[in-house]
Amino acid sequence: MGHIRETGYKGGVKVVNTPEEAKDVARNLLGKHLVTKQSGAQGLPVNCVYLVEKISIDKEMYLSLTLDRAEGAPVFVYSPAGGMSIEDVAAKDPSKIFKYHVNPFKGPDVDRLIKAASDLGIPNNRSELAFAMKAMYDCFMEKDCDLIEINPLITTKDGRLLCADSKVTVDDNAAYRQKELKDSEDLT
């Protein structure tokens, strides 16, 4: 869990129920430095607060697409254990980590994408998952991505499949091809 370097305020993700609570959280975060495992001891500046709808989560999973340089191919990495550090999941229970290498000349195999729904324990969402994974692959290739990570990928209590949080990185060497993306980068 992260904390604010200046005050010790705990957490960068908060659940609130009123506009007043949101204002109080924003006041505790904005203009300060959030320290997390990824940021290092100095933390990163908090310049904005992102508000999202509270979702009734039934199940949290992990889904990413990255380049496996050793295999020379994009690889989906996914796990039925989401909402936490995937490195921690891999260390504690590697059997919960699944990988699917995609042949970049053929693209993803639909049957293999559908199998991922079974691996994740969400067979009722197989079509939605296959569609989401195919869209991730298309974006990954078109935008020269290094990583597309969805953590958590969730199912809701009413059965929907949603991407609750995500991270996308683009290969710095492709910046000249992805000018629009490069121009929108927030370096803070």
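The label point for LYS37 and the one for TYR176, both projected 7 Å from the Cα toward the Cβ, are 3.8 nm apart. Counting every alpha-carbon pair across the chain, the share separated by more than 29 Å comes to 32%. Working note: Karplus 6.51/-1.76/1.60 with θ = phi - 60° gives segment 147-155 the couplings 7, 10, 10, 10, 8, x, 8, 10, 10 Hz, where Gly and Pro are set to x. The distance linking segment 158-188 with segment 46-103 is 16 Å (Cα centroid to Cα centroid, whole angstrom).
Under the combined filter of DSSP loop state and at most 14 neighbouring Cβ atoms within 10 Å, segment 103-188 retains these chymotrypsin sites (Phe, Trp or Tyr not before Pro): PHE105, TYR176.
On full extension, the segment bounded by THR18 and LYS54 gains 11.8 nm, given 0.36 nm per residue less the C-alpha separation.
Peptide packing: for 7-18, 115-126, 144-155, the average count of neighbouring Cβ atoms within 10 Å per residue gives the ranking 144-155, 115-126, 7-18, highest mean first. Measuring r between the beta carbons of ALA91 and LYS143 and using R0 = 25 Å, the FRET efficiency lands at 0.25. Were the residues from MET1 through ASN124 laid out at 0.36 nm apart, the gain over their Cα-Cα distance would be 41.0 nm. On the beta carbon distance between LYS106 and VAL168, with R0 = 30 Å, the FRET formula returns roughly 0.80.
Rule-based calculations on the coordinates, nothing more; no lab input. If you're wondering where the values come from, they're calculated on a predicted model, not measured in any experiment. A quick note on method: Cβ atoms are made from the backbone with ideal geometry, for glycine too, and the neighbour counts reach across all protein chains shown.
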